[in-house]
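The values are calculated or read from the model by the stated rules, or taken from the named source; none is laboratory data. Everything numeric here is computed off the predicted structure, so don't read it as measured data. Positions of Cβ are backbone-derived with ideal geometry, glycine not excepted, and every protein chain shown enters the neighbour counts.
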Amino acid sequence: MEIKPTFDHFLIYTQNLELDFKRLKDRFDFPIIYPITNYGVFSSCMFACKNSILELVNYENPKMPEKYKGSTIWFSGFALKSDLTIDKILSGLTNSNLKISDIIIQNVKDKDGNNIPITKILMINELFNFFQVFYIQYLNRFLEEKFIETSKEAKWEILSFEVNENQSDTISEKLKNAGFSFFKNDIFYDNNKIKFTLKKSNFDFPIVSSFLLKSNKEIVDLVKFF
């Protein structure tokens with residue numbers, strides 16, 4: 001069974017959600033999928049690129065590596081999707097060497113306070129320290145259709161990113177088990193050809209050392225913009 005994952009969205013933790021929302025909107029003119037929204041346990045907003053989504057998130061007591069203490073914004077994870085259902089992905093990964101969660105159903109409250117299920121989540125635990133990695137399946141088409149609509153207006157596409165980690169050999173094998181296409185020299189691609197590279201380092205937690213965005217006019221490293 002081939003999972004063929006695609007990066008659904010990238011999580012960027014920020015301590016100053018409103019400020020960073022404005023900074024990114026002013027600099028990159030990203031189309032807005034969702035404005036800043038409070039979901040109770042966290043707040044977030046979503047921007048559309050041509051080939052994926054950037055989500056700024058804020059919540060209490062983030063797991064923060066020493067490296068980032070004093071920082072106000074950093075990459076904190078990514079969500080994956082597949083043409084397969086979450087149930088089939090769970091079945092396919094059960095006998096892998098990955099530590100995976102049970103299926104989690106995420107809810108939001110409607111105007112009457114009722115819980116409305118919106119997504120199914122399958123966490124891939126301990127792939128990276130301090131870094132959330134999970135498969136997501138939307139239970140309705142609203143967000144996917146919203147992304148398709150807004151991505152047509154997007155000026156930027158995600159080219160590639162690099163993760164520095166001291167367990168790159170182990171993580172490389174786990175990423176292959178999670179469904180990613182492996183090229184060589186710890187280079188991987190998702191189903192949309194977004195390239196990411198694992199780079200051996202002395203860090204015992206992942207650091208996204210570069211994250212390249214491309215428009216018709218320029219290439220920008222989002223990490224340096226932070």
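The figures follow:
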item: Members of the range 83-133 that are part of a loop (DSSP other than H, G, I, E, B), surrounded by 12 or more Cβ atoms within 10 Å (Cβ to Cβ), at pLDDT 85 or above and not hydroxyl-bearing (Ser, Thr, Tyr); result: Leu84, Leu98, Ile103
item: Residue within the range 213-226 that is closer than 22 Å to Ile100 by Cβ and not in a strand (DSSP E or B) present; result: no
item: First in the range 198-226 and under 13 Å from Ile158 (Cα atoms) and β-branched (Val, Ile, Thr), second anywhere and buried (at least 19 other Cβ atoms within 10 Å of the Cβ) and at pLDDT below 85, Cβ under 6 Å, 6 or more apart; result: none
item: Any hit, the range 129-148, residues being under 14 Å from the mean Cα position of the chain (by Cα) and farther than 22 Å from Gln106 by Cα; result: no
item: Criterion violated by Leu80 - all others in (1) crowded, with 18+ Cβ neighbours inside 10 Å; (2) in contact (Cβ under 8 Å) with a residue 40 or more places away in the chain; (3) touching a helix residue (DSSP H, G or I) at 6+ places or on another chain (Cβ under 6 Å) satisfied; result: (3)
item: Those residues of the range 12-31 which are more than 17 Å from Trp74 (Cβ to Cβ), in contact (Cβ under 8 Å) with a residue 40 or more places away in the chain and part of a helix (DSSP H, G or I), in sequence order; result: Arg27, Phe28
item: Close pairs from the range 44-59: first over 15 Å from Leu19 (Cβ atoms) and modelled with pLDDT under 95, partner surrounded by fewer than 21 Cβ atoms within 10 Å (Cβ to Cβ) and of a type in the set (A, V, I, L, M, F, W, C), Cβ under 6 Å, at least 6 apart; result: Tyr59/Phe42
item: Which numbered condition Gly40 fails, given (1) at pLDDT below 95; (2) at negative phi; (3) not hydroxyl-bearing (Ser, Thr, Tyr); result: (2)
